[in-house]
1. Go through (1) modelled with pLDDT of 95 or more; (2) among the hydrophobic types (A, V, I, L, M, F, W, C); (3) within 23 Å of Cys210 (Cβ to Cβ) for Leu154 and report which single condition fails.
2. So for region 57-69 (the condition being in contact with a Cys (Cβ under 9 Å, 6 or more places away or on another chain) and either over 16 Å from Arg207 (Cα atoms) or of a type in the set (Asp, Glu) (or both)), does at least one residue qualify?
3. Picking from Ala49, Ala84, which residue would you name as being touching a Gly at 6+ places or on another chain (Cβ under 8 Å) and among the aliphatic types (A, V, I, L, M)?
4. Looking at this structure, is Val57 of a type in the set (A, V, I, L, M), part of a helix (DSSP H, G or I) and either within 15 Å of the chain's Cα centre (by Cα) or closer than 14 Å to Gln9 by Cα (or both)?
5. Of everything in region 156-182 that's touching a residue at least 60 places away in the same chain (Cβ under 8 Å) and of a type in the set (S, T, N, Q), which residue is nearest to Ala91 (Cα to Cα)?
6. When the residues of region 32-56 are narrowed to those that are farther than 24 Å from Leu201 by Cα and touching a residue at least 40 places away in the same chain (Cβ under 8 Å), which ends up surrounded by the fewest Cβ atoms within 10 Å (Cβ to Cβ)?
7. What about Lys15, is it of a type in the set (Lys, Arg) and modelled with pLDDT under 95?
8. List every residue pair whose Cβ atoms sit under 9 Å apart, with the two residues 6 or more apart in sequence or on different chains, where the first one lies in region 134-145 and is surrounded by 10 or more Cβ atoms within 10 Å (Cβ to Cβ) and the second, anywhere, is among the charged types (D, E, K, R) and assigned to a helix (DSSP H, G or I).
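The values are calculated or read from the model by the stated rules, or taken from the named source; none is laboratory data. Owing to the predicted nature of the structure, the values given are computational and were not obtained by experimental measurement. Every residue, glycine as well, gets a Cβ built from its backbone with ideal geometry; the counts of neighbours run over all protein chains shown.
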Amino acid sequence: MTSYYEDWQALVGNKEDVSEQVREHLMFLVSGSEDEELLDNLMEQFVEADIIDEKLVLRFEYADNKGEMADIKCEAPFEGDDDAAPASWVALAQAHNGIHWEARGGGWFTFNGLNEDGGCKEWGWDFNVLEEASDDNESFIESLEEAGYSLPDLLGVIDYGQNWIIGNPAELNAMDEPTLHFVSHDECIAAYIDSADDLTLPQFFLRLLCETILNEKHIEEIYS
């Protein structure tokens, strides 16, 4: 195994300071003091770390249901080129090229990870769902086409329960990265996530973790 696996082994083997070691490990999600506070709150629910099936598994207890656990399964780091995808997307993947845990209401919460060419490893996303609400998505699809893109170019970066969060390469956010849009499995409408406009993907994913584990609301435009 490569050095990351040795780091994982050292982390899970440090039983006395494992919580502090895991917090330090998760600092890739942090870009400022607000993020650090969110991470500290998340770590209050941390239970244990293990390596299972060559994945780093971080176990957290749901804040609203004592005894119910979420096993956050973290994949090996991305080893592709630094410029293969938007910078913060690559940074997240270089920590873990895939992070996933089972959703309580069905489906999975996942950062899907990146392929070697920088495209997303899409789990449940299918761009054809937008055609099920073609009238509601008309202006969104038109803006894609005007920028030289089409529905297959949308990036299925995150599965959110039975719903999806997709990246739109035709429109860039304040971080100069694809804007994020929420697509629910029932309405099938691409809804712009305004509150993510000034967040890196790791910062956004930290807020998703806090929403699910702590039962807090941080991203108003999404639901599971």
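1. In the conditions (1) modelled with pLDDT of 95 or more; (2) among the hydrophobic types (A, V, I, L, M, F, W, C); (3) within 23 Å of Cys210 (Cβ to Cβ), Leu154 misses (3) alone.
2. Among the residues of region 57-69, at least one is in contact with a Cys (Cβ under 9 Å, 6 or more places away or on another chain) and either over 16 Å from Arg207 (Cα atoms) or of a type in the set (Asp, Glu) (or both), which makes the answer yes.
3. Ala84
4. no
5. If we take residues in region 156-182 being touching a residue at least 60 places away in the same chain (Cβ under 8 Å) and of a type in the set (S, T, N, Q), then Asn163 is nearest to Ala91 (Cα to Cα).
6. Within region 32-56, the match that is surrounded by the fewest Cβ atoms within 10 Å (Cβ to Cβ) is Glu54.
7. Spelling it out, Lys15 is indeed of a type in the set (Lys, Arg) and modelled with pLDDT under 95.
8. Close Cβ pairs satisfying both conditions: Asn137/Glu131; Ile141/Glu131; Leu144/Asp153.
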